[in-house]
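Take a look at the structure below.
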Amino acid sequence: MKYLKIIAFTHKQIELKELGKLVICQENLTPKLQQLKAEFQIPELFYLATCNRVEFVMATSHAVDKDFTEKFIEALQIGICDGYMKAFLSGVSIYQDQEALNHLLRMSCSLESLIVGEKEILAQVRKAYESCKEAGLTGDYLRMVMSRVVKTAKEVYTDTLIARKPISVVSLAYRKLKDLKLCTNARVLIIGAGETNRNISKYLQKHKFSNFSVFNRTLSKAQALAADLGGEAFDLHELKNFNQGFDVIITCTSAVSPIITPEIYSTLLNGETNKKTIVDLAIPNDTAPEVLEQFPVNFIEVHSLNEVAKNNLQERYQELVHAERIIENNIGEFLPLLKQRQIELAMRQVPEKIKEIRHRALNSVFADEVETLDVQSREVLEKIMDYMEKKYISVPMVMAKEIFVNNTHN
């Protein structure tokens, strides 16, 4: 593993808002990486940028330290001033050899993420690697490393509970809604057009819900969300006059007093008496307590969801020990495979060298003697040479593998 090196800038040491200064514009990414590869004579390289990390993964024999990192970042020519450069260098993490592999595996298994157990990081790592592979920036070494990264992450996500239970309020709220088995043409009122409601409405849309009415204090924001959902937009003041009925209310606003009062709720019912559903993700709640006292309601609210999220996160952290064991086992399996591959690559030159020796013997060193042989003798000589060539090719490879296996088990 002596060639694997990683330069990592992450949320652990650097403010998230500052990390963006290290992101390379997508249009310039390939030429800049190719320039770095050539300038620093790095055989293999790939670059990863997410919302909470920027990392450079490379296979190189060069010493990688803070001095190298400073020159490396300067060579990117992305306009990092001296003040930020000092901050980045003080916060950089540099991994080498087996420590680098361990970091790459932990990162891809989301053990290094802001939210442990979020699977998106594996897809991001794979996409970053594939992009650099297509650009010719990587080779056989990082191919083997990435193959092990994917294998390990899949084992962690399959064989542990680290990603099983959701820990975002939005995903928990959607699961509660799903349990109610609502039909996809259910009438959904969305009150508030902020990020939370936008996210949960996207969940609903993804699962074929299509009947949306969006209310917001700023009508333009309601119109933007309604346009995305194929629904209708209304000013929040129109809520008290809405008489088209509903099946579900999803509300999340910044109001300091309840928006859904018994009077407004009664108007919204429009004479219907069956049990409705309210998903209230606001703090404080947008739903007045009297609504729950006076009407039959399936009430899903943010406080209880937050409690579930905390419990689920705790369970994820309890799974870390199992994930760490899987990573450790994969490192133990991978190191001998990598050495074997290095031997195979080195031994690839043996056949060509033997063929060169044969050609030189027949056509140069012993050319005069060969010329004196009759046809039958030359045929016998060719057969002997063919036989010896095959043996000389296979014997060193078998011996090398035997030595490797014996050393591995000792």
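Against the numbered list (1) aliphatic (A, V, I, L, M); (2) over 26 Å from ARG341 (Cα atoms); (3) over 23 Å from the mean Cα position of the chain (by Cα), ILE42 comes up short only at (2).
State which residue is modelled with the lowest pLDDT when the search covers only region 119-143 and only residues that are of a type outside the set (Lys, Arg) and surrounded by fewer than 16 Cβ atoms within 10 Å (Cβ to Cβ). If you could, list the steps in order and put the result at the bottom.
Pass one, region 119-143, residues of a type outside the set (Lys, Arg): 120-125, 128-132, 134-142.
After this cut, where a residue has to be surrounded by fewer than 16 Cβ atoms within 10 Å (Cβ to Cβ) as well, the list is 120, 123, 130, 134, 136, 139-140.
Working: GLU120: 81, ALA123: 89, GLU130: 95, GLU134: 95, GLY136: 95, GLY139: 94, ASP140: 92.
Residue satisfying both the conditions and the ranking: GLU120.
Taking the stated definitions as given, is THR277 among the hydroxyl-bearing types (Ser, Thr, Tyr), in a strand (DSSP E or B) and either over 17 Å from LYS176 (Cα atoms) or not assigned by TED's automatic domain parsing to the domain that holds ALA153 (or both)? The answer is yes for THR277.
Yes/no per residue for (1) modelled with pLDDT under 90; (2) within 30 Å of GLN314 (Cβ to Cβ); (3) touching a Lys or Arg at 6+ places or on another chain (Cβ under 8 Å):
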residue: SER171; (1), (2), (3): yes, yes, no
residue: LEU177; (1), (2), (3): yes, yes, no
residue: ILE190; (1), (2), (3): no, no, no
residue: ALA193; (1), (2), (3): no, no, yes
residue: ASN197; (1), (2), (3): no, yes, no
residue: TYR203; (1), (2), (3): yes, yes, no
residue: VAL214; (1), (2), (3): no, no, no
residue: THR218; (1), (2), (3): no, no, no
residue: ALA226; (1), (2), (3): no, no, no
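Among residues of region 294-317 being among the aliphatic types (A, V, I, L, M) and modelled with pLDDT of 90 or more, the one that is farthest from VAL170 (Cα to Cα) is VAL297.
Taken over region 97-118, the residue count meeting the criterion of being out of contact with any helix residue (DSSP H, G or I) (no Cβ under 8 Å at 6 or more places or on another chain) and modelled with pLDDT of 95 or more is 3. The single condition among (1) touching a residue at least 40 places away in the same chain (Cβ under 8 Å); (2) more than 18 Å from THR138 (Cα to Cα) that GLN35 does not meet is (2). So SER257 clears everything in (1) hydroxyl-bearing (Ser, Thr, Tyr); (2) more than 21 Å from GLU195 (Cβ to Cβ); (3) in a loop (DSSP other than H, G, I, E, B); (4) touching a strand residue (DSSP E or B) at 6+ places or on another chain (Cβ under 9 Å) except one condition, right? Which one? So the condition that SER257 fails would be (4).
Could you check region 174-207 and list, in sequence order, the residues that are touching a strand residue (DSSP E or B) at 6+ places or on another chain (Cβ under 7 Å) and charged (D, E, K, R)? Steps first, please.
At the first step, the residues of region 174-207 found to be touching a strand residue (DSSP E or B) at 6+ places or on another chain (Cβ under 7 Å) are 176-177, 180, 182, 185-193, 197, 200-201, 204.
Result: LYS176, ARG187.
Filtered by the rule that a residue be closer than 16 Å to LYS165 by Cα and assigned to a helix (DSSP H, G or I), region 110-124 gives a lone residue, GLU120.
For region 318-410, the helices (runs of 4 or more DSSP H) that sit wholly inside it and include 3 or more residues that are surrounded by 14 or more Cβ atoms within 10 Å (Cβ to Cβ) and modelled with pLDDT under 90 are 320-347, 349-360, 375-409.
The values are calculated or read from the model by the stated rules, or taken from the named source; none is laboratory data. Every value quoted in this text rests on a predicted model; they were computed, and no experiment measured them. Note that each Cβ is placed from the backbone with ideal geometry, even for glycine, and that neighbours are counted across all protein chains shown.
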